[in-house]
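Read the structure below first, then the notes.
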Amino acid sequence: MTTQQLILAFKFGMDKFDSKGLPNFEDDEILLLLNQAQLNFVKQRYGSNNSKKMGFEEIQKRTEDLKNLVRNAILIPNANIAENISVNAQFVDLPSDYLVAVQERCKITYNDCTGKPTQDECFVKVIQHNDYNTNINNPYSGPNTGKILRLMENGRIELIHSSDTTINEYRLRYIKYPNDITLDNTSELSPETHQEIVNEAIKIGLEGIESKRLQTFIPTILTQQE
């Protein structure tokens, strides 16, 4: 749908529930609701916090819904600084449109058993700060030539490597924030999702005015989605 079609679909949907008792929404207000709905839709799709308890690649529809938002980045870690959690940790500045990681790998260099520098790839293990002390000195769960630990800190990635490993590149596949819907640009999500975004915007609008019809509308939405 074009943006004007999204706006018309929103107005039509609201009119279906009460053409007299609900306030009229201006176009700029509808755009705000559509953008909030679009972000809600994306967050619900990529995670498992939904009625099917599945991530976005676990069923084909979710993959199709978010395919336009998947991006790749090859990032170089910053030098170790005093703010890092250890002398073997480095921050990585995330892309400005980053929303959530899908897959992470690191390209590393280390000396093999003969002392020869060796380049390889290793996987990234996501941990929480509460788990750091448990993992860092454990020979099985701590960082090594096959594994990098990863923390999130103030919107940054923090990579923790072993003392004999150098991180050359951090390879990130991620879902980006969707571009705002404006009068000039419609949703960049797949067209098949547009009615679902409108439905979510209607739900938000009804919540905002505390409409009693919300209780009957939500089940209708849920049967149409997933």
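The values are calculated or read from the model by the stated rules, or taken from the named source; none is laboratory data. Given the structure is predicted, the values throughout are model-derived calculations rather than measurements. So basically every Cβ, Gly included, is an ideal-geometry build from the backbone, and we count neighbours across all protein chains shown. Surface areas here come from the heavy atoms of the whole protein model, side chains and all, with no ligands, DNA or RNA. Shrake-Rupley method; radii C 1.70, N 1.55, O 1.52, S 1.80 Å.
In region 147-160, how many are among the hydrophobic types (A, V, I, L, M, F, W, C) and open to solvent by 30 Å² or more (accessible area, probe 1.4 Å)?
Final tally of qualifying residues: 1.
Tally up the residues in region 127-141 that are open to solvent by 90 Å² or more (accessible area, probe 1.4 Å) and either within 13 Å of I85 (Cα to Cα) or in a helix (DSSP H, G or I) (or both), please.
Residues that pass the stated criteria total 5.
Residues checked against (1) aromatic (F, W, Y); (2) exposed (fewer than 13 other Cβ atoms within 10 Å of the Cβ); (3) at pLDDT 95 or above; (4) outside any loop (DSSP other than H, G, I, E, B):
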site	(1), (2), (3), (4)
L172	no, no, yes, yes
T182	no, yes, yes, no
S187	no, no, yes, no
H194	no, no, yes, yes
E200	no, no, yes, yes
L206	no, no, no, yes
E210	no, yes, no, no
T216	no, yes, no, yes
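Identify, by number, the condition in (1) open to solvent by 80 Å² or more (accessible area, probe 1.4 Å); (2) at pLDDT below 95 that R62 doesn't meet.
Unmet for R62, out of (1) open to solvent by 80 Å² or more (accessible area, probe 1.4 Å); (2) at pLDDT below 95: (1).
Return a yes/no flag: does region 161-178 have any residue that is of a type in the set (F, W, Y) and closer than 30 Å to Q5 by Cβ.
yes
Just one of (1) in a loop (DSSP other than H, G, I, E, B); (2) open to solvent by 40 Å² or more (accessible area, probe 1.4 Å) trips up D120, so point out which.
Failing condition for D120: (1).
Suppose the filter is free of Cβ contacts under 8 Å to residues at least 40 places away in the same chain, at positive phi, polar (S, T, N, Q) and open to solvent by 20 Å² or more (accessible area, probe 1.4 Å); does N144 pass it? Spell out how you get there, then give the answer.
Details: free of Cβ contacts under 8 Å to residues at least 40 places away in the same chain: yes; at positive phi: no; polar (S, T, N, Q): yes; open to solvent by 20 Å² or more (accessible area, probe 1.4 Å): yes.
No: the conditions fail for N144.
Restricting the search to region 3-46, which residues are open to solvent by less than 70 Å² (accessible area, probe 1.4 Å), modelled with pLDDT of 85 or more and more than 21 Å from the chain's Cα centre (by Cα)?
Passing the criteria: T3, L6, I7, A9, F10, G13, M14, F25, D27, I30, L31.
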